[in-house]
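K.L.:
Below is the structure I would like to discuss, written out as structure tokens.
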Ligand code: ADP
Ligand code: MG
């Protein structure tokens with residue numbers, strides 16, 4: 001189908017054309033009519049499937065057809081991170097370009113001028129407020145904001161918001177809103193706590209679930225089986241001839257991200273670190289430099305894996321196998337977007353082997369193991385089951401699972417082991 005088939009306002013259709021949107025993605029096709037019908041929705045689809053437009057377009061159309069109080073805040077969109085809030089705001093500006101609808105983005109880490117713009121937007125009643133929960137509460141704590149005109153509440157990346165510990169903040173904000181409103185939740189995953197949140201704040205919702213896709217074939221996946229100390233040598237080898245255009249190296253811990261970025265920079269490579277300890281200004285700067293190509297290698301924790309939309313990334317390197325399959329899919333989904341080709345390489349040490357096997361099991365395929373270049377040394381055997389049994393965390397018989405679930409003796413789901421997210 002095409003966007004023409006939705007009963008959208010003409011000026012909104014012009015915005016769509018200006019943004020070059022022609023065909024809706026599956027999550028858009030399914031979610032837009034339900035939001036237009038003013039039903040509550042929980043919509044679950046993985047990153048990169050077009051969830052932003054799936055809520056922005058019908059929201060804007062609803063705002064054009066309902067008669068809301070123009071002097072009040074009418075819609076609140078909550079997003080876990082500043083980067084995501086900015087991206088939503090940018091798409092919002094594109095789609096609403098020809099519409100008389102105002103919006104303000106409310107997120108932290110800015111100067112006092114930004115604070116004033118945000119406060120004015122909130123107190124003077126911007127139609128749409130795009131906010132991170134923490135910053136929204138800072139404003140709420142300092143001044144009276146009239147929420148009586150809020151008809152729409154949208155939670156984007158709800159799973160991420162819960163992972164980041166925003167449950168109480170969200171509930172505090174929700175309690176200030178009129179009960180008579182449309183509430184919409186988007187999530188990349190549907191764990192139990194998301195269902196619980198949905199039960200609490202949604203009213204008889206329509207559930208939309210787009211199956212988690214295997215990574216597209218346009219992403220070439222490969223791995224190096226190696227030891228921990230060989231990993232740096234492999235990186236050196238990969239960048240010895242030339243550095244591909246846009247590379248993201250993912251590492252699980254901030255400390256590791258910092259170290260790697262430093263090592264690469266010392267080698268004269270255009271690398272920069274990206275993690276949640278950075279000031280907002282520095283984060284914006286790094287992302288900007290990466291987008292425009294002045295930085296070629298971004299070393300990052302998972303904060304950039306989810307949701308962040310950067311085109312034309314040619315190579316993803318996982319410095320270690322990610323904790324669970326969904327992180328892997330999110331990470332490598334940063335490449336090969338919009339039908340381009342991309343490559344994802346995972347460095348698999350002995351400790352990583354069981355996790356990597358889980359990923360292969362989920363993908364139902366064997367990922368190609370690149371032979372180690374001679375200067376790196378001998379390749380260890382890939383024997384994930386033995387590796388897990390010999391691990392220092394305890395010798396358990398039976399199926400290979402991640403250590404945490406085995407230690408707790410629980411029947412953790414094979415593809416989604418219970419996880420303890422470090423604060424990155
Ligand atoms: P998600 O929120 O599911 O991670 P986004 O909404 O950020 O995904 O969309 C990912 C990218 O795809 C964005 O660059 C967006 O502009 C683009 N996009 C989304 N839907 C369409 C569409 N129907 N046609 C063309 N581009 C689209
Ligand atoms: Mg999104």
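The values are calculated or read from the model by the stated rules, or taken from the named source; none is laboratory data. Everything numeric in this text was worked out from a predicted model, so none of it was measured. Glycine gets a Cβ as well: all are built from the backbone with ideal geometry, and neighbour counts include every protein chain shown.
K.L.:
Residue by residue through the stretch 87-120, note down the ones that are under 23 Å from residue 177 (Cα atoms) and in contact (Cβ under 8 Å) with a residue 24 or more places away in the chain.
P.N.:
88, 89, 92, 101, 102, 103, 104, 105, 106, 107, 108, 119
K.L.:
Considering only the stretch 336-346, I want to know if a residue exists there that is over 24 Å from residue 106 (Cβ atoms), at pLDDT below 85 and within 15 Å of the chain's Cα centre (by Cα).
P.N.:
Yes - at least one qualifying residue is present in the stretch 336-346.
K.L.:
Still on this structure, please answer the following. Check whether at least one residue in the stretch 107-128 is within 16 Å of ligand 1 (Cβ to nearest atom), assigned to a loop (DSSP other than H, G, I, E, B), touching a strand residue (DSSP E or B) at 6+ places or on another chain (Cβ under 9 Å) and within 27 Å of residue 276 (Cα to Cα), and report yes or no.
P.N.:
Checking the stretch 107-128: not a single residue is within 16 Å of ligand 1 (Cβ to nearest atom), assigned to a loop (DSSP other than H, G, I, E, B), touching a strand residue (DSSP E or B) at 6+ places or on another chain (Cβ under 9 Å) and within 27 Å of residue 276 (Cα to Cα).
Residues checked against (1) in a loop (DSSP other than H, G, I, E, B); (2) more than 16 Å from ligand 1 (Cβ to nearest atom); (3) under 19 Å from the mean Cα position of the chain (by Cα):
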position: 130; (1), (2), (3): no, no, yes
position: 141; (1), (2), (3): no, yes, no
position: 179; (1), (2), (3): yes, yes, no
position: 189; (1), (2), (3): yes, no, yes
position: 199; (1), (2), (3): no, yes, no
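K.L.:
Take the conditions touching a strand residue (DSSP E or B) at 6+ places or on another chain (Cβ under 6 Å) and either at negative phi or at pLDDT 95 or above (or both) and apply them to residue 85. Does it pass?
P.N.:
Criteria met by residue 85.
K.L.:
Could you list all residues from the stretch 18-31 that are buried (at least 21 other Cβ atoms within 10 Å of the Cβ) and either touching a residue at least 60 places away in the same chain (Cβ under 8 Å) or in a helix (DSSP H, G or I) (or both)?
P.N.:
27, 28, 31
K.L.:
Please go through the stretch 182-205 and pick out each residue that is touching a strand residue (DSSP E or B) at 6+ places or on another chain (Cβ under 6 Å) and within 25 Å of residue 73 (Cα to Cα). Talk me through it step by step, then tell me what you get.
P.N.:
Step one: filter the stretch 182-205 for residues touching a strand residue (DSSP E or B) at 6+ places or on another chain (Cβ under 6 Å), giving 182-187, 190, 194, 198, 201-202, 205.
Scanning the stretch 182-205 gives 182, 183, 184, 185, 186, 187, 198, 201, 202, 205.
K.L.:
Here's another thing I want to ask about it. So which residues in the stretch 228-247 are closer than 12 Å to residue 347 by Cα and surrounded by fewer than 16 Cβ atoms within 10 Å (Cβ to Cβ), if there are any at all?
P.N.:
Within the stretch 228-247, 228, 229 meet the criteria.
K.L.:
Still on this structure: Could you tell me whether the stretch 278-288 includes any residue that is under 30 Å from residue 111 (Cα atoms), crowded, with 24+ Cβ neighbours inside 10 Å, touching a residue at least 12 places away in the same chain (Cβ under 8 Å) and under 16 Å from the mean Cα position of the chain (by Cα)?
P.N.:
Checked against the condition, which is being under 30 Å from residue 111 (Cα atoms), crowded, with 24+ Cβ neighbours inside 10 Å, touching a residue at least 12 places away in the same chain (Cβ under 8 Å) and under 16 Å from the mean Cα position of the chain (by Cα), the stretch 278-288 yields no hits at all.
K.L.:
What number goes with the only condition from (1) surrounded by 24 or more Cβ atoms within 10 Å (Cβ to Cβ); (2) away from ligand 2 (no atom under 12 Å from the Cβ) that residue 43 does not pass?
P.N.:
(2)
K.L.:
Please work out if residue 60 is away from ligand 1 (no atom under 12 Å from the Cβ), assigned to a helix (DSSP H, G or I), at pLDDT 95 or above and touching a helix residue (DSSP H, G or I) at 6+ places or on another chain (Cβ under 8 Å).
P.N.:
yes
K.L.:
Is there a residue being more than 16 Å from ligand 2 (Cβ to nearest atom), in contact with a helix residue (DSSP H, G or I) (Cβ under 6 Å, 6 or more places away or on another chain) and not in a helix (DSSP H, G or I) anywhere in the stretch 81-96?
P.N.:
Yes: the stretch 81-96 contains one or more residues that are more than 16 Å from ligand 2 (Cβ to nearest atom), in contact with a helix residue (DSSP H, G or I) (Cβ under 6 Å, 6 or more places away or on another chain) and not in a helix (DSSP H, G or I).
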